[in-house]
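Each remark here refers to the structure printed beneath this line.
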Amino acid sequence: MKRKWALYPYRLAHHPLCDRFTNHVYHIKGHKVCKGCVNLYIGFIVGIILAPISIFVLNINFWIAFITTNILYIFTPLSVLINPPRILKDFCRFLLGIAMVSMFVTIILTVVELVSGFNIWAFTIMMITILIYMVSKMYFTRLRSKRNEKICRECDQFYLPRCDGMMQKGVIEKLTIEP
């Protein structure tokens, strides 16, 4: 059976829309959207605006970009490990969006440095930046998923194929199943 997932309004939230996850979503014009994703995307936008300013106006080099990336990024593991109030998690997710753009800028600046002449420090910074991104994405995504799953495991509908939170009122009628 094939389902038409695009018809599910929870796709903007990717969380169950039950009472257990109300603090994980914003309500925008009748739609529920993930707080973490909204804050991350706003951080991306701010980072994209700041990137050309930092490169062309401030003339930063790969060292400054690398240090800035790590200062902005350090709040993400802290927010996952210490589990602060939701407002701080949202701010950390915003900073993560800026840090991800800054990470991309760091890699670009190190590549530019390497093209102009091999620099072992630029190469090292590039490898460290890529490693930090890959390891942290795998680890912290898994840790956040386990926390969300723990909330779901405490629900009596956990072992159903689709809980009521994922099948929000009105969605069942929109579900189309094709043979």
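The values are calculated or read from the model by the stated rules, or taken from the named source; none is laboratory data. These numbers were taken from a predicted model, which means no experiment stands behind them. Heads up, the Cβs are rebuilt from the backbone with ideal geometry, glycines too, and the neighbour counts pull from every protein chain shown.
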Report summary line: When every residue in the range 89-109 that is more than 19 Å from Thr141 (Cβ to Cβ) and aliphatic (A, V, I, L, M) is compared, the one surrounded by the most Cβ atoms within 10 Å (Cβ to Cβ) is Val105
Query raised in the report: Taking the condition within 16 Å of the chain's Cα centre (by Cα) and either farther than 23 Å from Thr141 by Cα or touching a residue at least 40 places away in the same chain (Cβ under 8 Å) (or both), does Asn23 pass?
Result: no
Query raised in the report: Which of the residues spanning the range 31-54 are more than 22 Å from Thr76 (Cα to Cα), at pLDDT 75 or above and exposed (fewer than 15 other Cβ atoms within 10 Å of the Cβ)?
Result: Pro52, Ile53
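For the range 129-155, give me the residue count where each residue is surrounded by 15 or more Cβ atoms within 10 Å (Cβ to Cβ) and part of a helix (DSSP H, G or I).
From the range 129-155, those surrounded by 15 or more Cβ atoms within 10 Å (Cβ to Cβ) are 129, 132-133, 136, 140, 148, 151-152, 155; that's our starting set.
When the remaining residues are screened for being part of a helix (DSSP H, G or I), the result is 129, 132-133, 136, 140, 148, 151-152.
Qualifying residue count, the range 129-155: 8.
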